[in-house]
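A.B. asks: Pasting a structure here, questions to come.
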Amino acid sequence: MKVRRTLPALILVVGLAACSESKPPAPPTEQQIHSSDSAVVTGEMGRHPYRCSDGEQLFVDYKDDGLQIDLRRSISEPPMTLTAPAQGLQYVGETATVTFKGSQLTIVEGDGQIRTCEREGTG
C-alpha cells in the first residue's frame, strides 16, 4: 500500500528534476579563445598580430590558458611579459598594463602613454 502512495510522488520528483533548467556554459573570453588557437598565420600557438594606433605592429603570444601574455614589437625582440589573476581581467607587467575588449587591446605604459591596438585579420 505504501508503495502505491510513494510511487507517484517519486515520479513527480524525478520529473521535476529532469525539467529544471541548467545554466548554459559561459562563452569563452578572448584570452581563452586565443590561448587555444593553433591555426594562426605565424604557425605559433596563440600568437596574434595587432596594429596599433601609432602604426606599429605588435605580436601577442597567449600562454598559460590565457593568463599570461608576451608582447613583442618584432618576432625576434625579447618579450614584455604580463599576467592576469583570472580570465577577463587586466594584465599587469613591470612597465605596463593591458586590457582587452573584443578584438582591441589597450596598453597603458608606465609613463602614462596610452596606445590602442586592433587585432589584424579580423575585418
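A.B. asks: Restricting to region 78-115, what's the tally of residues that are in contact (Cβ under 8 Å) with a residue 12 or more places away in the chain, among the hydroxyl-bearing types (Ser, Thr, Tyr) and either surrounded by 14 or more Cβ atoms within 10 Å (Cβ to Cβ) or within 20 Å of ASP65 (Cβ to Cβ) (or both)?
C.D. replies: 5
A.B. asks: Would you mention how many residues in region 34-77 are modelled with pLDDT of 85 or more, acidic (Asp, Glu) and either loosely packed, with under 12 Cβ neighbours inside 10 Å or in contact with a helix residue (DSSP H, G or I) (Cβ under 7 Å, 6 or more places away or on another chain) (or both)?
C.D. replies: Of the residues in that region, 2 qualify.
The values are calculated or read from the model by the stated rules, or taken from the named source; none is laboratory data. Predicted, not measured: the structure shown is a model, and the values here were computed from it. Please note: Cβ atoms are built from the backbone with ideal geometry, for glycine as well, and neighbour counts cover all protein chains shown.
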